[in-house]
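The values are calculated or read from the model by the stated rules, or taken from the named source; none is laboratory data. Quick caveat: nothing in here was measured; it's all calculated off a predicted structure. In this analysis, Cβ positions are derived from the backbone assuming ideal geometry, glycine residues included, and neighbour counts consider all displayed protein chains. Keep in mind that these areas ignore ligands, DNA and RNA; they rest on the heavy atoms of the full protein, side chains included. Shrake-Rupley method; radii C 1.70, N 1.55, O 1.52, S 1.80 Å.
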Amino acid sequence: MNLLSTIQWEQLFDWQLAKEAAPYILKNGLWNTMWISVVTMTLGLLVALVVAIARMSPYRLLRYPARVYISIIRGTPLLVQLFILYFGLPVIGITLEPITVAIIGLTASVGGYASETIRGAILSIPRGQWEAATSLNMSYRQTMRRVILPQATRVALPSLMNSFLSLVKDTSLLTVITVPEMLYYAKIVGGRSYDYMTVYLIVALYYWVICTVLNALQERLEKHYNRFTNT
């Protein structure tokens, strides 16, 4: 009770500040948050597909580098990776713009995590599907494009959408390398008003709404792909 009585509840949320700050944060930060998320997810999936195929390759020259890449990405924090790209590379004479660092860092992160999802989805396809494609004289590329990947997409979709949700939230880390996304502008408002609680609650609400919409999209996509199966 003593702890509760010391909390200044009237300072929890300033509605007047929220009314002024919410449009500013949304107008200036949402676009960067979303386009960076979409671009890096798209590029990351392309990287993930290549890495997943290399990971399953019978050739060590392809398989081992893919395993090392996955191990590094999954074994180190994303924030540390961003710091290495933004603050570390200038030490050896390589200076990248914040947006470039964001694209490279998030794409590499998606590629490392999603590659295992895609690999697992491909391996889940029954061997009979491969044999049937072979009997039709399909090449490896044709088999992957026409038979395996369409089925693997349905299997991987829930995990990949969860990765996208995480990616959208991970864009908030970009504020530490001065990428102007939603949290970046929230910090500006908080610094001017000295009320970080209100602006951070606004940003949290924005992320929650975005992820709720994406979750609804995920459910529709899953229904779309599941209608072609008996499960």
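So how much accessible area does residue 14 have, in Å² to the nearest 10, using a 1.4 Å probe?
Approximately 60 Å² for this residue.
Top to bottom by accessible area (1.4 Å), largest first, where do 206, 140, 24 land?
On the way: 206 40, 140 125, 24 70 Å².
So, going from the largest accessible area down, we get 140, 24, 206.
Angle between the Cα long axis of helix 60-75 and the longest principal axis of the chain, 0 to 90 degrees, nearest 10?
For 60-75 against the chain, the angle is about 20 degrees.
Pop out the ³J(HN,Hα) list for segment 163-172 in order, Karplus 6.51 cos²θ - 1.76 cosθ + 1.60 with θ = phi - 60°, rounded to Hz; leave Gly and Pro as x.
Couplings: 5, 5, 4, 5, 5, 4, 6, 5, 4, 5 Hz.
Taking 1 over the mean of 1/r across every pair of different Cα atoms in segment 39-114, what Kirkwood radius in Å do you get?
Result for segment 39-114 stands at 13.0 Å.
Would you list, by chain and number, the lysines whose Cα falls below 29 Å from the Cα of residue 223, excluding same-chain residues fewer than 8 positions away?
169
Can you work out the Karplus-derived ³J(HN,Hα) for every residue in segment 18-27? Use 6.51 cos²θ - 1.76 cosθ + 1.60 with θ = phi - 60°, whole Hz, and x for glycine or proline.
For segment 18-27, the Karplus-derived couplings read 4, 4, 7, 7, 4, x, 5, 5, 5, 5 Hz, x marking Gly and Pro.
When 1/r is averaged over all different Cα pairs and the result inverted, which Kirkwood radius in Å belongs to segment 139-183?
Working: mean 1/r = 0.0774 Å⁻¹.
Result for segment 139-183 stands at 12.9 Å.
Could you put 131, 116 in order of accessible surface area, largest first, with the 1.4 Å probe and the full protein assembly present?
Listed by decreasing accessible area, they come as 131, 116.
How much length is gained on full extension from residue 26 to residue 116, taking 0.36 nm per residue of separation minus their Cα-Cα distance?
Stretched fully, the residue 26-residue 116 segment lengthens by 29.0 nm.
Could you calculate the contour length gain from residue 130 to residue 15, that is, 0.36 nm times the residue separation minus the distance between their Cα atoms, to one decimal place in nm?
Extra length from residue 130 to residue 15 when fully extended: 35.4 nm.
When the Karplus curve 6.51 cos²θ - 1.76 cosθ + 1.60 is applied with θ = phi - 60°, which whole-Hz ³J(HN,Hα) does each residue of segment 115-121 get, with x for Gly and Pro?
4, 6, 5, 5, 4, x, 5
May I ask for the net charge around residue 61, where only other residues with Cβ less than 14 Å from the Cβ of residue 61 are counted and Lys, Arg are +1 while Asp, Glu are -1?
That works out to +4.
Leaving ligands, DNA and RNA out of it, report the carbon-plus-sulfur percent of the accessible area of the chain at a 1.4 Å probe.
In the chain, the share of accessible area belonging to carbon and sulfur is 64 percent.
Could you give the length gained by full extension between residue 141 and residue 56, i.e. 0.36 nm per residue of separation minus their alpha carbon distance, to one decimal place?
29.2 nm
First select every other residue whose beta carbon is under 10 angstrom from the beta carbon of residue 70; then total the charges, Lys and Arg +1, Asp and Glu -1.
+3
Taking K and R as +1 and D and E as -1, what net charge do the other residues with C-beta under 15 Å from the C-beta of residue 177 add up to?
After counting each charged neighbour, the total is -2.
Taking the Cα centre of each part, how many Å lie between segment 141-164 and segment 171-198?
Cα centroid to Cα centroid, the span is 36 Å.
Pop the C-beta distance of residue 162 and residue 74 into the FRET formula with R0 = 22 Å and round what comes out to the nearest 0.05.
FRET efficiency, residue 162 to residue 74: 0.90.
Once the whole set of protein chains is in place, how much accessible area is left on residue 145, using a 1.4 Å probe, in Å² to the nearest 10?
For residue 145, solvent-accessible area is about 140 Å².
Under a straight-distance cross-link criterion of Cα-Cα below 14 Å, which aspartates and glutamates are reachable from residue 19, leaving out those fewer than 8 residues away in the same chain?
Of all the aspartates and glutamates, those that pass the test against residue 19 - Cα under 14 Å, at least 8 places apart if same chain - are 195.
Could you report the chain's accessible area per residue, 1.4 Å probe, as an integer in Å²?
For the chain, the solvent-accessible area averages 61 Å² per residue.
Run lengths n ≥ 4 of DSSP H only: what is the helix-derived mean residue ellipticity at 222 nm for the chain, with -39500 (n - 2.57) per run over all residues, to the nearest 500?
Value at 222 nm, helices only, nearest 500: -25000 deg cm²/dmol.
Any idea what % of Cα-Cα pairs in the chain are farther than 24 Å? Intermediate results must be reported in sequence, preceding the final value.
Numbers: 15146 of 26565 pairs.
Result for the distance tail: 57 percent.
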